[in-house]
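Derivation of every value follows stated rules applied to the coordinates shown; laboratory data play no part. Since we're looking at a predicted model, the values are computed, not measured. Note that we place each Cβ from the backbone using ideal geometry, even for glycine, and neighbour counts take in every protein chain shown.
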Amino acid sequence: MSLFNSHNKDNIEIRPRFRLLTCFTEKDILDKIVNALPKQQDVVGEVKGSHAFLKIPFKNQHYWSPTMEVEVKNYYDDESKTSIRCVLGPKQSIWLMLMFFYVGIGVLALFGGMYGLVKWNLGKESIFIWAFPVAAFLFSIIYLTAKYGQRKGREQMLYLVSFLYHAVDDENIERL
């Protein structure tokens, strides 16, 4: 069993994304999503402008429950078609926490590592030289934690994707 479960070629992504093409208009697609939401007990969401935000109801959520952002707009190559861009990921608070850790560790590694390298070039010993390998290890831990969370929320993620396909209900929908 692979650690990576994405359908895209880039298997290291934390927030899977995909795009669909349909013949319906933007308004039709958003109306279909709005009309399908009350019929579902396992998906809640809201539509704002050309975006729809779908998630799992609070009673069924766990720490790694996914959310899905759906952006609907005219397809740039063919005006008669509409593009549906979808991004799946953890809740915004989880995503923000992961990015905070990545940036914090990166900044500490950069400045600590630079200080350690300067000391090393001057012929002095410094524990800060270990900032780079420690940061690489911590990056790996955070990445594997995110992949674990993605694996844990996989069924709910597939349910959100299935809901979108059923809500749009287009036989000729095309995945790009």
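Place a label point 7 angstrom from the Cα of SER126 along the Cα-to-Cβ direction, then list the residues of segment 78-108 whose backbone nitrogen is under 16 Å away. Within reach of a label on SER126: 107-108.
Tell me the angle of helix 92-121 to the major Cα principal axis of the chain, expressed in degrees between 0 and 90 and rounded to the nearest ten. Around 20 degrees separate the two axes. Its Cα centre serving as origin, the chain has a Cβ charge dipole (Lys and Arg +1, Asp and Glu -1) of approximately 780 debye.
Projecting the Cα atoms of MET114, ALA36, ILE84 onto the dipole axis of the chain, where Lys and Arg carry +1 and Asp and Glu carry -1 at the beta carbon, places MET114 farthest toward the positive end. Only one item in (1) 114; (2) 155; (3) 208 matches volume of the Cα convex hull per residue in Å³ derived from the coordinates shown, and that item is (2).
Checked against a 30 Å cut-off, the cross-linked pairs LYS119/LYS147; LYS48/LYS81; LYS55/LYS147; LYS124/LYS147; LYS27/LYS147; LYS81/LYS147 give Cα-Cα distances beyond that limit for LYS119/LYS147; LYS124/LYS147; LYS27/LYS147; LYS81/LYS147.
Grab the Cα-Cα distance for PHE139 and TYR75, subtract it from 0.36 nm times how many residues apart they are, and report the gain in nm with one decimal. Mind dumping the intermediate values first?
Numbers: separation 64, 0.36 × 64 = 23.04 nm, distance 3.69 nm.
Between PHE139 and TYR75, full extension yields 19.4 nm more.
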